[in-house]
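The values are calculated or read from the model by the stated rules, or taken from the named source; none is laboratory data. These figures come from a predicted structure and were not determined experimentally. Cβ coordinates were reconstructed from backbone atoms using ideal geometry, including for glycine residues, and neighbour counts include every protein chain displayed.
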């Protein structure tokens, strides 16, 4: 499968990790989460989980309040909790 915007596929033979990386930057803050094929039961399921979280994260960040052009601490904390829970 091919990588999409904000989702990168990792399939290197020399590493133990195979899966997807979600990486999203907004207002000077970067959010990253890895979705392992093993944990999610395969490449397609890992991609679906990553894509679902990406859409939820984008929606939440678009509606969030900004302080001096940056994301508020509450918004960053909420986004980090979303990433951890996935």
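For region 60-86, the tally of residues that are surrounded by fewer than 11 Cβ atoms within 10 Å (Cβ to Cβ) and outside any helix (DSSP H, G or I) stands at 3.
Select from region 23-44 the residues that are within 30 Å of residue 72 (Cβ to Cβ) and surrounded by fewer than 12 Cβ atoms within 10 Å (Cβ to Cβ) and write down the one among them that is modelled with the lowest pLDDT.
The residue in question is 28.
A search for C-beta distances below 6 Å between a residue of region 11-27 that is part of a loop (DSSP other than H, G, I, E, B) and any residue that is surrounded by fewer than 15 Cβ atoms within 10 Å (Cβ to Cβ) and modelled with pLDDT under 95, counting only pairs 6+ apart in sequence or on different chains, returns 18/11; 27/70. The condition (being surrounded by 15 or more Cβ atoms within 10 Å (Cβ to Cβ), in contact (Cβ under 8 Å) with a residue 24 or more places away in the chain, in contact with a helix residue (DSSP H, G or I) (Cβ under 7 Å, 6 or more places away or on another chain) and assigned to a helix (DSSP H, G or I)) is satisfied by just one residue among 57, 47: 57. The residue that is surrounded by the most Cβ atoms within 10 Å (Cβ to Cβ), among those in region 5-22 that are closer than 16 Å to residue 41 by Cα and touching a strand residue (DSSP E or B) at 6+ places or on another chain (Cβ under 9 Å), is 20.
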